[in-house]
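The values are calculated or read from the model by the stated rules, or taken from the named source; none is laboratory data. This is a predicted model, so every value here is computed, not measured. Backbone-built Cβ (ideal geometry, glycine too); neighbour counts: all protein chains shown. The protein model used for the area step is the full one, side chains on, heavy atoms only, and it has no ligands, DNA or RNA in it. Shrake-Rupley method; radii C 1.70, N 1.55, O 1.52, S 1.80 Å.
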Amino acid sequence: MLDRPFFDRPVLDVSRDLIGAFLAFDGVGGRIVEVEAYDEADPASHSFRGPTPRNAVMFGPPGHAYVYKIYGIHFCLNFVCRPGSAVLIRALEPQAGLPRMHERRGGVVEKQLCSGPGKLAQALGINLDHNGLALDRPPFLVRPADDSHPIATGPRIGITKGMETPWRFVLAGSPFLSKPLSPERKAL
DNA sequence: GGAGGGATTGGCT
DNA sequence: GCCAATCCCTCCG
């Protein structure tokens with residue numbers, strides 16, 4: 001079980017170590033195959049301009065869920081690390097509760113159940129009610145990766161600032177990513 | 001008090 | 001590839 005000490009570390013270390021970890025929400029989830037790191041010095045981060053009502057959880061204790069709504073439609077799930085930093089969970093390899101994922105996501109193929117931050121939140125049933133919940137107890141369950149995985153990094157997706165910062169981490173070669181990594185780079 | 005915009009997705013050209 | 005959908009949060013007046 002991953003709890004506060006795991007998340008009370010530099011956000012890049014946490015991001016790398018989350019690749020291959022298992023995430024479930026109310027028994028629905030899978031292996032984390034794609035994340036992105038954000039911190040307070042980063043113009044792409046919600047925490048860049050300091051604490052506000054929306055991002056308050058990012059400045060709270062490590063090991064909690066920061067959930068926000070994007071484009072008025074979708075939800076995105078982050079894991080809070082040290083104050084002002086968080087890891088956006090972007091894609092899972094579905095492993096648990098697949099029938100419920102399919103119900104929530106409609107008639108998509110398995111590869112597309114959790115291949116993006118909004119899709120993942122929809123498949124797991126995560127919304128603003130879950131903002132601020134601790135990650136080390138139900139309905140959340142986060143378990144460490146049981147062995148090492150080939151990790152690749154690259155630029156983050158969809159942002160309009162900080163595009164040059166290669167803080168996207170993926171499980172190299174996974175077919176469950178939101179987008180292929182290009183060009184492929186070695187992990188730090 | 002109000003306008004502008006976003007760490008996305010899915011559908012259409 | 002392009003673009004609309006749709007909610008607050010943030011910032012400015």
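So what are the stretch A:99-187's ellipsoid semi-axes, whole angstrom, largest first, if each one is the square root of 5 times an eigenvalue of the alpha-carbon gyration tensor?
That gives 25, 17, 16 Å for the three semi-axes.
Apply the a/c threshold of 1.5 to the C-alpha gyration tensor of the stretch A:1-86 and tell me whether it is rounded, prolate or oblate.
oblate
Rolling a 1.4 Å sphere over the protein heavy atoms, what is the accessible area per residue of the stretch A:4-186, to the nearest Å²? Could you put the intermediate results ahead of the total?
Working: 8230 Å² over 183 residues.
Value returned for the stretch A:4-186: 45 Å² of accessible area per residue.
Taking the Cα-to-Cβ direction at A:ARG143 and at A:MET163 and moving 7 Å from each Cα, how far apart do the two end points lie in nm?
For A:ARG143 paired with A:MET163, the spin-label model returns 4.1 nm.
Checking the a/c ratio against 1.5 first, then a/b against b/c, what shape does the Cα gyration tensor give for chain A?
Rounded shape, in that the Cα axes give a/c under 1.5.
Once you have a ≥ b ≥ c as the square roots of the Cα gyration tensor eigenvalues for the stretch A:107-146, tell me rounded if a/c is under 1.5, and otherwise prolate or oblate according to whether a/b is larger than b/c.
oblate
So what are the ³J(HN,Hα) numbers for the stretch A:48-53, from phi and the Karplus equation (6.51, -1.76, 1.60; θ = phi - 60°), rounded to whole Hz, Gly and Pro as x?
4, 9, x, x, 9, x
Report, in whole Å, the centroid distance computed from the Cα atoms of the stretch A:141-159 and the stretch A:89-126.
Between the Cα centres of the stretch A:141-159 and the stretch A:89-126 lies a distance of 17 Å.
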